[in-house]
Protein chains: 2
Amino acid sequence: MALTDRRADILARLVDEYIDTAVPVSSRALVDRHRLGLSTATIRNELAALEQDGYVTHPHTSAGRVPSDRGYRLYVQTLMTEEAVPQTERRTVEHQFHQASGGLDEWLSLAATVLAGWVGNAAIVTRPRARITRLKHVQLVQLHEDTALVVAVMDDGRVQQRILSLHGLLTQRELSASAERLNARLSGRDAEVARAVGQELTSANDRLAALIVAELIESHHATEGPYLDGVQVVLEQPEFASPERMLEAVRHLVAYELDRVVSVAADVEPGGTKVMIGSENSDPWLQEWSIVISSYGGRGGLAGTVAVLGPMRMHYARTIPRVRYLSALIDNLMRELVS
Amino acid sequence: MALTDRRADILARLVDEYIDTAVPVSSRALVDRHRLGLSTATIRNELAALEQDGYVTHPHTSAGRVPSDRGYRLYVQTLMTEEAVPQTERRTVEHQFHQASGGLDEWLSLAATVLAGWVGNAAIVTRPRARITRLKHVQLVQLHEDTALVVAVMDDGRVQQRILSLHGLLTQRELSASAERLNARLSGRDAEVARAVGQELTSANDRLAALIVAELIESHHATEGPYLDGVQVVLEQPEFASPERMLEAVRHLVAYELDRVVSVAADVEPGGTKVMIGSENSDPWLQEWSIVISSYGGRGGLAGTVAVLGPMRMHYARTIPRVRYLSALIDNLMRELVS
DNA sequence: ATTAGCACTCTCGCGGTGAGAGTGCTAATG
DNA sequence: CATTAGCACTCTCACCGCGAGAGTGCTAAT
């Protein structure tokens, strides 16, 4: 059956309505709340057709219609009209970002919080992850007589540290000299090179420190999970009304699987957004979730993602532009940060 | 009515049983599963007496008994026998801690995870918070032509960083020299001194950097919330079976109120534990929760806490020694770290 | 002091039931 | 020929009543 304009229009209204109310949409609701110049009977015919084409479903005989994955997909692709992020909200957020002086980490955390608050779903923001990280600078700081802290600054402006047990007693002056030597040879290098260089160093302390630096560069990716906010608000959605559903959702959200979730952003070009709806997700537990995801950075090999995770019944028209906006905002801020 | 030995014994069994099964304990269950040489009728009399004294309650007429706050209190204080942490588990954990080379932050996160897994409740571990933090070392790392990263190492071995916009273009060599000067004047100083010193510096960049260092020292306390783990496991407890309860619990656990929660550890001496049961908590939302809390560090002014948060029906005999153990473990590790 | 026995109370799960919502179909309508 | 009024039919859901079961409290016997 062909998808006539009228039918598409009805589908659009239906999805809007369902997103809004979370209640299966009846023909009555459609004529009452959206001024279609048609009777419920006509709508019912059209709905039946939409159902045949797989855009909507029926929980049971005497219930209204609910969009299917396919229905949402069409809606997102062509039916909805995106809601621009209001100027006032942009201003507020940009102000907040400029207040936040803590650097990248604070921005990302803030982005997750803002996003979750805006869209009423869970927001995930990952740190930028370079395909290959390089060392920018290393410093050795004395802690104890025989221990020092290796502080490594990476080329993405983030910092890693680890404790080093020294061979013999050294002063801070000696440590600084050692750091100087290391910087000369390791600055701008990646983990592999750092390891190789480290192995040929003769001074025991220099060698140890270099190897630790190599490890720090390597483990840089893995450090700490992404920023997550909005768990408490997404759980208020009616789809999690039963304890089992809610518990399952919490489990997946707090377990550290989120990195996998956002990995679908691999092929999203910066400035673009990707939407994964229900069965379009490969993870089994995501079959009834949708993800709106965007990436920032990327050109220089530093890519991070901004995503919203929620039930399929999600306010896409509001969510998509906001994800895109925040992603672009971080992108700009980051550009100032990376040399 | 006097609390005879027998009555205390029965109370102890009852609490054990209830903690185990989460079901109101009947006189029948008590004689069947704990070899008391008494009939159910006798037990019933004793239970009635315990109820009169306020140690147990009755959900309704024909239900078994449930310990009251007061009952739990007596149980914790005098009735239970603590379960030592098995040697094997200690070994495993200590091994894990030695593997974890990422320093303090990684230890704390690990401690929360281990603890939550051990006791089946939420675990909270806060970072050590000095009454007064001092700078150990500062380093300036060039990012851009006109921006640098200020990296400050504090005396507790943690690192803070912030971006600095430079006045004029500087080389890394010049930045290092600047850092050298700053170290000479700021190392070992607290925020107030750093600010005062900063203000009298003549070089614009040095002054800016010093002021940022001062702010970093100050804001050091506030950075990031405590480590939390076990949310998903505590929610499996039957007390959270209803969606409302569960949602409320999630809200409080993910909201950043946990710092307030652990503030009750203020007067716990290191090596000791404190238990707060139900109404003993001042926060209204904690009226049906218990907290087992311990602190580490503290002598040198660096104090952090290790805590377990769960429903009142908590396995105290197992939880208390484990909280104490992990707290002591961190205490030891930290002592190696702080000069 | 302990215990057997028994009446009494309260919960909980179950099946039945009726109102309400919504559909699908048919026949009438413009 | 598309639209619509009308109506029978279906399914859910909240409510009610009820009986089984669990557990107590009390009394009288040991």
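The values are calculated or read from the model by the stated rules, or taken from the named source; none is laboratory data. Here the structure is a predicted model, which is why all the values come from computation and not from measurement. Using ideal geometry, Cβ is built from the backbone for each residue, glycine included, and neighbour counts are taken over all protein chains shown.
Checked against (1) more than 16 Å from DNA strand C (Cβ to nearest atom); (2) more than 14 Å from chain A (Cβ to nearest Cβ); (3) at pLDDT 90 or above, B:Ala29 passes all but a single condition, namely (1). Restricting attention to region B:105-125, the residues being within 18 Å of B:Arg324 (Cα to Cα) and assigned to a helix (DSSP H, G or I) number 13. In this structure, is A:Thr113 among the β-branched types (Val, Ile, Thr) and at pLDDT 85 or above? Yes. Could you look through region B:79-104, keep only residues that are surrounded by fewer than 13 Cβ atoms within 10 Å (Cβ to Cβ) and either within 14 Å of another protein chain (Cβ to nearest Cβ) or within 16 Å of DNA strand D (Cβ to nearest atom) (or both), and pick out the one that is modelled with the highest pLDDT? Here the answer is B:His98. Within region B:51-78, the set of residues being near DNA strand D (Cβ under 10 Å from one of its atoms) and assigned to a helix (DSSP H, G or I) comprises B:Glu51, B:Gln52.
Taking region A:205-235 as the range and being surrounded by fewer than 16 Cβ atoms within 10 Å (Cβ to Cβ) and in contact with a Leu (Cβ under 9 Å, 6 or more places away or on another chain) as the test, only A:Gly225 passes.
For region B:143-175, which residues satisfy the criterion of being within 8 Å of chain A (Cβ to nearest Cβ) and either within 10 Å of B:Ile212 (Cβ to Cβ) or free of Cβ contacts under 8 Å to residues at least 60 places away in the same chain (or both)? B:Leu143, B:His144, B:Glu145, B:Thr147, B:Leu149, B:Val151, B:Val153, B:Val159, B:Gln161, B:Arg162, B:Ile163, B:Gln172 - these are the residues of region B:143-175 that are within 8 Å of chain A (Cβ to nearest Cβ) and either within 10 Å of B:Ile212 (Cβ to Cβ) or free of Cβ contacts under 8 Å to residues at least 60 places away in the same chain (or both). For first residues located in region A:43-70 and among the hydroxyl-bearing types (Ser, Thr, Tyr), partners that are part of a helix (DSSP H, G or I) and surrounded by 14 or more Cβ atoms within 10 Å (Cβ to Cβ) and lie 6+ apart or on another chain with Cβ distances below 7 Å form the pairs A:Tyr55/A:Leu11; A:Tyr55/A:Arg70; A:Tyr55/A:Gly71; A:Tyr55/A:Leu74; A:Thr57/A:Glu51.
Taking the criterion of being touching a strand residue (DSSP E or B) at 6+ places or on another chain (Cβ under 8 Å), among the hydroxyl-bearing types (Ser, Thr, Tyr) and over 18 Å from B:Val231 (Cβ atoms), the residues of region B:306-336 that qualify are B:Tyr316, B:Ser327. The set of residues in region B:203-232 that are in contact with a helix residue (DSSP H, G or I) (Cβ under 6 Å, 6 or more places away or on another chain), touching a residue at least 24 places away in the same chain (Cβ under 8 Å), part of a helix (DSSP H, G or I) and facing chain A (nearest Cβ under 10 Å) contains only B:Val231. Of the residues in region B:167-187, not one is part of a loop (DSSP other than H, G, I, E, B) and either buried (at least 19 other Cβ atoms within 10 Å of the Cβ) or among the basic types (Lys, Arg) (or both). Select from region A:53-65 the residues that are more than 10 Å from DNA strand C (Cβ to nearest atom) and touching a helix residue (DSSP H, G or I) at 6+ places or on another chain (Cβ under 7 Å) and write down the one among them that is nearest to A:Val15 (Cα to Cα). Step by step, filter region A:53-65, then rank; the result is A:Tyr55.
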